[in-house]
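Here, each number is a calculation from the coordinates, and none is a lab measurement. What you see is a predicted model, and the numbers here were worked out from it, not measured in a lab. Positions of Cβ are generated from backbone atoms using ideal geometry, with glycine treated the same way; all protein chains shown enter the neighbour counts.
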Amino acid sequence: MNIHVASRPAKSRPEDARDAFAADVIAGLTRHPRQLPPKYFYDETGSRLFEQITRLPEYYPTRTELGILRDHGQEIARIMPPHAALIEFGAGATTKARLLLARCKIGAYVPVDISGAFLNGQAAALRADFPDLAVHPVVADFTAPFNLPRAVQDMPKVGFFPGSTIGNFEPHEASAFLRGARDILGEGATLIVGVDLEKDEHVLRAAYNDEAGVTAKFNLNLLRRINRELDGDFDVAAFAHHAVYNREQYRIEMHLVSRTARTVQIMGRGIAFRAGDSIHTESSYKYSVERFQALARGAGWIPGTTWTDPDGMFSVHALLARK
Ligand SMILES: C[S@@+](CC[C@H](N)C(=O)[O-])C[C@H]1O[C@@H](n2cnc3c(N)ncnc32)[C@H](O)[C@@H]1O
């Protein structure tokens, strides 16, 4: 299989990735408030759990965004230059890209994801389902610069960033990401971004506190991953999943809250928790269409068409790279 491992050379070896993970975990758990980067949710188990989340009745974003892409597929197809390379940041299960691939004349598809094993499985499935499509998966952390595969360098580029993954960034990080994407995609590029919208708090809270407990499992998998990969000894059952809406900041916050006082060992280092101590594991910012367009404008993109669903739950934005 044709896999491109594209992060900067210093991050491309598994032991470097483990060192970076260890450094981020120790730094995040020893500062106050404690916080871990959400990108570490996505080992293979985390990617599978996220897929289960997308099918939950309470989790409206995936089915709503898919509805927008279906309802406005023809208009979206019209803004895609023929035979462009479609570059998806954080491709996951590639469900939304499949919709575009079925409707548009795409020259090549470049799914980019940090979750390497899961990505490679999805790329193999895509090749089987779209035998004429050139698929070039790239295992990379999209918060750092990376190179696109040589095969697509001369093609027109369309970036695709669905799932409101942009909402997991702090606003200044979202702005940095948009600037970086502009550099990677180049002049003349289009970027299609899915952005979750502000809405009734009850709907938001339910989406991150599903009855089946899958979001809790996804959140707690981060501690299991630390135990597996960093010689940790978290007692996972001693932590509770909390998801709350922070109205002032327009964001859902996910936390893991320690039920007990205990010192946890990670790579031989002791980190003390008191009962009630919290680790902030993810934010999911909600935007208005105008606030997102202002963010995009400030990061070098010209807002084009924005599509929303009839209930105004979710938005899909077409952005054009400013010269
Ligand atoms: C919220 S999921 C969205 C998945 C899919 N695009 C969708 O719309 O359902 C975020 C995806 O981005 C990937 N991801 C998260 N942080 C990343 C990073 N820093 N670099 C590359 N991929 C990342 C995850 O592995 C996951 O597949």
| message | Rounded, prolate or oblate, given the Cα gyration tensor of the range 51-175, with a/c below 1.5 counting as rounded? | response | rounded
| query | Cα axis of helix 171-185 to longest principal axis of the chain: angle in degrees, 0 to 90, nearest 10? | reply | 40
| Pairwise FRET efficiency - residue 18 versus residue 212, Cβ, R0 = 35 Å, nearest 0.05 | 0.65
| query | In Å and whole numbers, how far do the C-alpha atoms of the chain stretch along each principal axis, longest first? | reply | 59, 44, 36
| message | So if the hydrodynamic radius of the range 138-194 is defined as the Kirkwood radius over C-alpha pairs, what does Stokes-Einstein give as its diffusion coefficient at 20 °C and 1.002 mPa s, in µm² per second? | response | 177
| field | Lys, Arg +1 and Asp, Glu -1 on Cβ, resulting dipole of the chain about Cα centre, debye, nearest 20 | value | 440
| message | Assuming 0.36 nm per residue, please report the length gained on full extension of the stretch residue 30 to residue 228 beyond their Cα-Cα distance. | response | 69.3 nm
| task | Calculate how steeply helix 116-129 sits against the longest principal axis of the alpha-carbon atoms of the chain, using the helix alpha-carbon long axis, and give the answer as 0 to 90 degrees to the nearest 10. | result | 30
| remark: In deg cm²/dmol, rounded to the nearest 500, the helical mean residue ellipticity at 222 nm of the chain, built from -39500 (n - 2.57) for every DSSP H run of length 4 or more, is -11000 deg cm²/dmol
| What nm distance separates the two modelled labels at residue 288 and residue 265, each placed 7 Å from Cα along Cα→Cβ? | 5.4
| said: With angles folded into 0 to 90 degrees, how steeply does helix 60-71 sit against the dominant principal axis of the chain? Use alpha carbons for both and round to 10. | reply: 0
| Which FRET efficiency value, to the nearest 0.05, is calculated for residue 249 and residue 51 with the Förster distance at 25 angstrom and r the Cβ-Cβ distance? | 0.35
| note | What the 10 Å binned alpha carbon P(r) of the range 62-110 shows, as percent of pairs per bin from 0, is 26, 59, 15
| What are the trypsin sites (Lys or Arg not before Pro) within the range 7-97 that DSSP puts in a loop, where the Cβ has at most 14 other Cβ atoms within 10 Å? | 31, 55
| What are the lysines whose alpha-carbon lies under 25 Å from the alpha-carbon of residue 286, with same-chain residues fewer than 8 places away excluded? | 39, 96, 199, 217
| P(r) tail fraction, the range 276-323 - alpha-carbon pairs more than 18 Å apart, % | 44
| task | Normalise the Cα radius of gyration of the range 219-323 by 2.2 N^0.38 Å (N = residues in it) and let me know the number. | result | 1.53
| Once you put a point 7 Å from the Cα of residue 132 and another 7 Å from the Cα of residue 70, both along the Cβ direction, what distance in nm separates them? | 2.5
